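Engineer: The structure that follows is given in the form of structure tokens.
What follows is calculated from the coordinates using simple rules that are stated; it is not laboratory data. Because the structure is a prediction, the values reported are computed rather than measured. Glycine also receives a Cβ, built like all others from the backbone with ideal geometry; neighbour counts cover every protein chain displayed.
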Amino acid sequence: MTLSRFLADERDVVKLCLSGVRGSSPREVGAEMFVSPRGLHGTIGGGQLEYMAIDTARAMLRAGRRSESMDVPLGPEIGQCCGGRVTIDLAVMTGADRDAALAAESARQAARPQVQILGAGHVGRALARFFQFLPVRCVLIDGRAPELALADAGVEKRISAMPEADIRAAPAGSAFIVLTHDHALDFLLTTEALDRGDAAYVGLIGSATKRVKFERFHKEHARQSDCAALVCPIGAAGSTDKRPEVIAAHVVAEVMTALARVHDTVGATTR
């Protein structure tokens, strides 16, 4: 359920926010959770800490208290072993608080990195099923309408006769996974993604032999890039299992790791 739907359905809501973290903690400063008498949205880390915070929030609603603060050691006394300590601020949400929370959620959604899956075959559709649950904007792209129609994931599906134009239009820091039905098209799109120079991840499905062939192609046709950043084969660190869902699981892990690395680097340079 989205935050907007949750807030629309619930009249009385307490916002919980981790305002301080010392040592190890299951979530970072700024992590939020929303608690109503009958529902929850988000998480501040789970476990006994979260249960205690939920109980406190609902006790506030029953007693009519507007705000409260919790200072919780994450040790044996509460059945957790993180070893740190957290401060949680709790406040009953006003109309202005709801507007601010929705605006912040909208901004987070807009800032989600884009993942382009170029090819809606078996592996492409399996990838889309995984990515629909992750904090990315996933776009499944293919020029074949019948293949796209088979995709059941809740992601954007785009029929494109010129997927290279979709690659060019993607935001900086995007991820590109190339797995079309045509090796020549694979090579063209992979080169397009590498030539951007700002991709968080460029992956090409295929074997080590296909990589060698692509490198030859790329050397002849590339304008401004090399193959150092290319991941091919994709998902190779996982296993030799070739089932689409297994390949997709390993590739998603690769992509999310690459996106996190780029996000952490950008964050470090702006702090």
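Engineer: Hey, what did the chain get for relative contact order, percent, Cα under 8 Å, at least 6 apart?
Structural biologist: That works out to 13 percent.
Engineer: With a cap of 16 neighbouring Cβ atoms within 10 Å, and only residues DSSP puts in a loop, list the trypsin sites (Lys or Arg not before Pro) found in segment 166-215.
Structural biologist: Here no loop site has a sparse enough neighbourhood.
Engineer: Specify the angular offset, from 0 to 90 degrees and rounded to the nearest 10, of the alpha carbon long axis of helix 47-63 from the longest principal axis of the alpha carbons in the chain.
Structural biologist: 50
Engineer: Continuing with this model, one more query. So if each residue of separation counts as 0.36 nm, and I subtract the Cα-Cα distance between A208 and A172, what length gain in nm does that give?
Structural biologist: 10.2 nm
Engineer: For helix 208-221, report the angle its Cα long axis makes with the longest principal axis of the Cα atoms of the chain; keep it between 0 and 90° and round to the nearest 10°.
Structural biologist: On a 0 to 90 degree scale, this one is about 70.
Engineer: Here is a follow-up. Quick one: angle between helix 244-270 and the longest Cα principal axis of the chain, in degrees between 0 and 90, rounded to 10, please.
Structural biologist: 70
Engineer: Highest first, please rank the peptides 241-250, 183-192 by the mean number of other Cβ atoms sitting within 10 Å of their residues.
Structural biologist: Highest mean packing first, the order is 183-192, 241-250.
Engineer: Please work out whether segment 112-270 counts as rounded, prolate or oblate from its C-alpha gyration tensor, where a ≥ b ≥ c are the square roots of the eigenvalues and a/c under 1.5 means rounded, while otherwise a/b larger than b/c means prolate and anything else oblate?
Structural biologist: Here segment 112-270 falls in the rounded category.
Engineer: How would F130, F176 line up from fewest to most surrounding beta-carbon atoms within 10 angstrom?
Structural biologist: Fewest-to-most ranking of F130, F176: F130, F176.
Engineer: Roughly speaking, what is the stretch gain from A111 to R216, that is 0.36 nm per residue apart minus the C-alpha to C-alpha distance, in nm to one decimal?
Structural biologist: Extra length from A111 to R216 when fully extended: 34.2 nm.
Engineer: Only helical DSSP H runs with n ≥ 4 go in: add -39500 (n - 2.57) per run for the chain, normalise by residue count and round the 222 nm mean residue ellipticity to 500 deg cm²/dmol.
Structural biologist: -13500 deg cm²/dmol
Engineer: Along segment 133-141, what does the Karplus equation 6.51 cos²θ - 1.76 cosθ + 1.60 (θ = phi - 60°) give for ³J(HN,Hα), rounded to whole Hz, x for Gly and Pro?
Structural biologist: 9, 10, x, 9, 9, 8, 10, 9, 10
Engineer: Can you spot the lysines whose alpha carbon is less than 23 Å from K242's alpha carbon? Ignore those fewer than 8 places along the same chain.
Structural biologist: K210, K213
Engineer: Among E220, E215, which comes first, then next, by fewest other beta-carbon atoms within 10 Å?
Structural biologist: Neighbour counts put them in this order, fewest first: E220, E215.
Engineer: Restricting the count to DSSP beta bridges whose residues both fall in the chain, what percent are antiparallel, rounded to a multiple of 5?
Structural biologist: 55
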